[in-house]
1. Quickly run through the range 44-60 and pick out the residues that are surrounded by 15 or more Cβ atoms within 10 Å (Cβ to Cβ), farther than 14 Å from Thr4 by Cβ and hydrophobic (A, V, I, L, M, F, W, C).
2. Only residues that are surrounded by 10 or more Cβ atoms within 10 Å (Cβ to Cβ), within 21 Å of Thr4 (Cα to Cα) and not basic (Lys, Arg): list them for the range 19-43, please.
Amino acid sequence: MSSTRPLDRREASRYLFDRYGIRRAPGTLAKLACIGGGPLYRHAGQLAIYDVPALDEYAAQLTTAPAPNSKAHAARRAASGGGR
């Protein structure tokens with residue numbers, strides 16, 4: 001069992017910004033909970049709660065690995081089938 005308590009939407013929003021620089025307003029997290037594409041969450045009664053490892057995984061999906069320059073990032077995107 002994790003020693004870190006689950007975070008509510010306001011706290012999850014702050015955690016994503018403080019730890020990863022990812023801006024997701026609490027309202028955006030609520031919308032993503034409805035339409036999909038956001039971090040995994042649970043309900044505690046009517047309160048949505050986010051486990052910190054789920055937020056870390058979500059952030060990992062949104063960010064790239066470090067690269068020395070933009071050309072290296074472009075090469076990785078091309079190799080993975082990504083692009084614009």
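Computed from the coordinates by the stated procedures, all read-outs in this text should not be read as laboratory data. Everything numeric in this text was worked out from a predicted model, so none of it was measured. For neighbour counting, all protein chains shown are included, and Cβ atoms are generated from backbone atoms with ideal geometry for every residue, glycine included.
1. Ala48, Ala59
2. Tyr20, Ile22, Pro26, Leu29, Gly38, Pro39, Leu40, Tyr41
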